Amino acid sequence: MKGYKTSVLLILMLLGSISVFSQKIQWISIQELEEAQALDERKVLIDVYTDWCGWCKKMDASTFTDPKIVSYLTENYHCVKLDGEDKDVIRFKERDFKFVKSGRRGYNELPHDLLRGRMSYPTLVFLDENLDILQEFRGYRVAKDLLPIVKFFGEDIFKDQDWTEYINAAKGEK
């Protein structure tokens, strides 16, 4: 009987650890954001990507699967995936954003506006609870570099401390 209890306990522990490590970010579309925000006001992280972007895929596979990142974002943010080249009309904040044929690929007006016309992938855009832009960060980020950024906005540190002070203090804590 003792061996049976030990086996059951080991199986339960294994299943519990699998559920912790298999937790994923619940990405929503930009169209779902306003409804989600009406139910639960949070900061917003928008991952502006494209299907062809290798760094975007790497970030999805590594940074956005890191348990600390997943846990923090899940608890504190609405997380949105936004294709920079979406050909559909996107309705956001009572405005329609359309696809613009330009260059080889074109772009959608919403990511173009969010990125202030500087189309670069991946780019992370942080919004406040009113869906106003706080800041955008261009380029690939590893989890250890992204965590201080999401905390800076998620915990409203930006209201009392500038970025340089904050990041220097964070480096001093390591």
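Read the figures in this text as sums done on the coordinates, not as results from a lab. Everything numeric in this text was worked out from a predicted model, so none of it was measured. All Cβ positions, glycine included, derive from the backbone under ideal geometry; neighbour counts span all protein chains shown.
Pulled fully out, how much extra length does the chain show between ARG138 and ASP162, if you take 0.36 nm times their separation in residues and subtract their Cα-Cα distance?
6.8 nm
With a sphere of radius 15 Å drawn around the Cβ of PHE99, what net charge do the other residues whose Cβ falls strictly inside it have (Lys, Arg +1; Asp, Glu -1)?
Surrounding charge for PHE99 is -1.
Please give the helix 30-39 orientation as an angle from the longest Cα principal axis of the chain, in degrees from 0 to 90, rounded to the nearest 10.
Approximately 60 degrees, to the nearest 10.
Given the pairs LYS57/LYS81; LYS43/LYS87; LYS58/LYS151; LYS58/LYS101; LYS24/LYS98; LYS24/LYS57, which are separated by over 24 angstrom at their Cα positions?
Listed pairs above 24 Å: LYS43/LYS87; LYS58/LYS101; LYS24/LYS98.
Run the helix sum for the chain: -39,500 (n - 2.57) per DSSP H stretch of 4+ residues, divided by residue count, reported at 222 nm to the nearest 500 deg cm²/dmol.
After summing the helix terms and dividing by residue count, I get -13500 deg cm²/dmol.
Once fully extended, how much extra length lies between LYS24 and PHE99, figured as 0.36 nm per residue of separation less the alpha-carbon to alpha-carbon distance?
Answer, rounded to one decimal: 24.0 nm.
Once the Cα atoms of helix 163-173 and of the chain are each reduced to a long axis, what angle between those two axes, in degrees from 0 to 90 to the nearest 10, is obtained?
20 degrees
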